[in-house]
1. With a cut-off of 8 Å between alpha carbons and a minimum separation of six or more residues, what is the relative contact order of the chain in percent?
2. Taking all protein chains in place and a 1.4 Å probe, what share, in percent, of the accessible surface of the chain do carbon and sulfur account for?
3. If you roll a 1.4 Å probe over the heavy atoms of the protein chains, what accessible area per residue do you get for the chain, in Å²?
4. Is the shape of region 10-105 best called rounded, prolate or oblate, per the rule: a/c under 1.5 gives rounded, else a/b larger than b/c gives prolate, else oblate, with a ≥ b ≥ c the square roots of the Cα gyration tensor eigenvalues?
5. Within the set LYS23/LYS112; LYS23/LYS55; LYS54/LYS103; LYS55/LYS104; LYS55/LYS103, which residue pairs have Cα atoms separated by over 19 Å?
6. From a point 7 Å beyond the Cα of TYR95 in the direction of its Cβ, which residues of region 69-86 have a backbone N at a distance under 15 Å?
7. With charges set only on the Cβ (+1 for Lys and Arg, -1 for Asp and Glu), what does the dipole of region 49-108 come to about its Cα centre, in debye to the nearest 20?
8. Rank these residues by their accessible area, most exposed first, probe 1.4 Å: SER90, SER109, SER96.
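The values are calculated or read from the model by the stated rules, or taken from the named source; none is laboratory data. Predicted, not measured: the structure shown is a model, and the values here were computed from it. Cβ placement follows ideal geometry from the backbone for every residue including glycine, while neighbour counts extend to all protein chains displayed. Only protein heavy atoms, including side chains, enter the accessible area calculation; ligands, DNA and RNA are left aside. Shrake-Rupley method; radii C 1.70, N 1.55, O 1.52, S 1.80 Å.
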Amino acid sequence: MSQALHPSPVTNKAPENIRKVLKYLNEHLTDNITLDELAGRFYISKHYLNRAFKKATGTTVIDYLIYKRTIRARQLMHNGLNATDACMQSGFSDYSVFYRAYKKTFGHSPSKDTKIRMTP
């Protein structure tokens, strides 16, 4: 995550189209989403989208997706899934990308959270 590690809460002052993008992202977290696809879906340029999104959240669209996916993966692992399955069910298509994102977000590898779940 290039700038902000944790996205800022979005206020009602954020443009309506950015709030719609956030809602869409949260509802389609595990889908394969690209900036081009989002810009086309919401009829805005990808440059405006990234700029307005960053102003509203403190992070880029892609970094927001990665952050939300790592949070989801962590929840899945705490509920009993292994790291590989949690990775795939959270929208990551590659384990190495997931591993790096997880370590950057939480400061440790996914295996540490699977061990927490396993200890009585």
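1. 28 percent
2. With neighbouring chains kept in place, the figure for the chain is 52 percent.
3. Details: 7050 Å² over 120 residues.
Spelled out: the 1.4 Å probe surface of the chain, per residue, equals 59 Å².
4. Details: a/c = 2.25, a/b = 2.00, b/c = 1.12.
The shape class here is prolate.
5. Check vs 19 Å cut-off fails for LYS23/LYS112; LYS54/LYS103; LYS55/LYS104; LYS55/LYS103.
6. Answer for this model: 81-86.
7. On the way: 10 positive and 3 negative charges, 66 e Å.
Dipole about the Cα centre, nearest 20: 320 debye.
8. Highest to lowest solvent-accessible surface, that is SER96, SER109, SER90.
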